[in-house]
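The next block holds one structure in the form of C-alpha cells; read it before the comments.
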Amino acid sequence: MKVFIIHATAGAGHKKAAEALYNSFRKINPDKNQVQNIDALDYTNAFFKRAYPEVYIFLVSYVPWLWGIIFHLLNSSLLKPIINPIRSFFNSLQGAPLLNYVKEQQPDVIICEHFMSAQLMAALKTKGLIKAMVVCGVTDFGVHQFWVNKGIDFYLVASESTKEEIISMGVKADKIRVTGIPIEDKFSKITDRNQLFSKLGLKQNKFTVLVTSGGFGVGPIKKIVEHLDNMSRDLQIAVVCGKNADMYDYFKAAVFKKNVQANGFINNMDEFMECADLIISKSGGLTVSESLAKNLPMLIIKPIPGQETRNAEIIEKYNIGRRLFDVNKVAALVEEILADDHKILNQMKENAKKLARPNAAEEICQWTAKKFSENNLAEPLSS
C-alpha cells in the first residue's frame with residue numbers, strides 16, 4: 001500500500017498532523033518510497049512558497065479582523081459558485097508539479113492534511129487521473145467549505161460536532177469518521193512528573209500555568225505573564241515563545257516575583273503539558289488536541305476569527321476551557337476557575353478526557369489499512 005500524506009506548511013498545525021500520521025504509517029511500513037510525507041508548497045515556485053504562510057501570519061498577527069472578514073467571505077455559500085472556480089484554477093496552476101508527480105507515482109491512498117492539497121487531489125480523482133482512495137483530514141474542530149470537495153472519498157474529523165457540521169454541508173454521514181486530529185504518540189504516554197519538574201526547572205507541588213502562543217510566538221504573552229506574576233496566589237509559569245526570538249530575550253532578561261521559566265521553540269511540549277495544571281494558549285486544532293490528550297484545561301487567548309474561534313466554541317461547549325477576551329482579566333479568570341477548591345478546574349479535566357483522541361494517528365493508520373484491504377481498490381470509490 002503506497003500512501004501519500006500531503007500537507008502545506010501554512011501554520012505549524014497542518015505539518016504536525018501530517019508528521020504524526022507519517023510516523024504512524026512508517027511503523028506499519030518503514031519503506032520511505034511506500035509512505036511519503038509531502039509539503040504541497042515544495043512543488044510551487046519560491047515566491048508562492050514563502051508568501052503563502054507569511055501573508056497568513058501577517059494577517060492573523062496584525063489585522064485579525066481583516067482575516068476574519070476574508071475567512072467568512074470565502075466560506076460564504078452565496079459566493080461559492082464564484083470563488084471555487086477561481087480557487088481551483090489558481091491551485092492547479094501553482095500545484096501543477098505536484099499534480100504531475102502524483103499522477104506519475106499513482107499512490108494507493110492519499111491523505112490530505114490541508115485544504116489546498118485536498119482540492120488538488122479531489123480534482124485528480126474526479127477527472128479519473130488517479131485511482132487512489134482520497135481522504136481529507138480536517139485539522140480543526142470547525143469546517144471551512146474549502147475542506148469539502150467532490151472527489152473526496154472519506155473525511156476524518158475531530159469530534160461529533162465537526163461531523164454534524166460537515167454533514168450540513170452536504171457530505172453523507174457514511175463518508176465521515178470521527179477519529180480526532182492526529183498528534184504525536186508521545187502525548188498519550190504517561191511520564192514520571194517528578195522527574196519532569198526537575199528537568200524543566202519547575203517546582204513540584206506548585207500550581208503550574210503554561211503560557212504559549214503557537215510556533216510563531218504571536219499574541220499578548222508579555223502582558224499575560226505580567227498579570228499572572230502579580231497574582232497573590234502561589235503559582236509558577238512556564239512560557240513558550242516559539243520562534244519569537246525578541247520575546248524569548250525579553251523573558252530571559254526580565255525579573256519576576258514568581259518562578260517564570262522562559263523557553264524558545266521546543267520539541268517537548270508534551271512534557272510541559274504533563275507538568276501544567278492550566279494552559280493559556282491560542283486555539284489551533286493541534287494545540288487543542290494535544291491539550292485534550294493531556295486532560296489540560298484551557299484559557300484561550302483572543303482566538304483568531306475563523307477556525308480558531310470555532311475551536312474555542314467547541315472547547316467552551318464541552319466546558320473544557322474559557323475564552324480570554326481581555327488579557328487584563330486573566331488573573332480574575334484564573335481565580336474563577338480555581339475557586340471552590342478547584343471544583344471547576346477538576347470538572348474541566350474530566351470533560352477533556354471525554355473529548356480527547358490521543359491515539360488518533362494510530363487509529364487512522366489502522367482504519368486506512370482496513371478500508372484499503374476491504375475495497376482492494378479494484379473499482380474507484382464513489383465520490
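The values are calculated or read from the model by the stated rules, or taken from the named source; none is laboratory data. What you are looking at is a predicted structure, and each value in this text was computed from that prediction instead of being measured. Here Cβ is always computed from backbone atoms with ideal geometry, including for glycine, and neighbour counts include all displayed protein chains.
Worth a mention:
- Lone qualifier among Gly137, Gly180, Gly95 - being at positive phi and surrounded by 19 or more Cβ atoms within 10 Å (Cβ to Cβ): Gly180
- Verdict on Ala10 being outside the structural domain of Val288 (by TED's automatic domain parsing), in a loop (DSSP other than H, G, I, E, B), surrounded by 14 or more Cβ atoms within 10 Å (Cβ to Cβ) and within 19 Å of the chain's Cα centre (by Cα): yes
- Screening Ile320, Ile337, Ile315, Ile301 for residues that are surrounded by fewer than 23 Cβ atoms within 10 Å (Cβ to Cβ) and within 22 Å of Ile224 (Cα to Cα) leaves exactly one candidate, Ile337.
- Selection from the stretch 164-180 of residues that are in contact (Cβ under 8 Å) with a residue 12 or more places away in the chain and out of contact with any Phe, Trp or Tyr (no Cβ under 8 Å at 6 or more places or on another chain): Glu165, Met169, Gly170, Val178, Gly180
- Screening the stretch 247-355 for strands (runs of 3 or more DSSP E) wholly inside it with 1 or more residues that are in contact with a Pro (Cβ under 8 Å, 6 or more places away or on another chain) returns the ranges 278-281, 298-301, 321-324.
- Of all the residues in the stretch 65-95, those that are over 20 Å from Met169 (Cβ atoms) and β-branched (Val, Ile, Thr) number 1.
- Some residue of the stretch 98-111 being assigned by TED's automatic domain parsing to the domain that holds Lys16, assigned to a helix (DSSP H, G or I) and within 21 Å of the chain's Cα centre (by Cα): no
- When Leu79, Leu66 are checked against the criterion of being over 23 Å from the mean Cα position of the chain (by Cα) and farther than 21 Å from Val138 by Cα, a single residue qualifies: Leu79.
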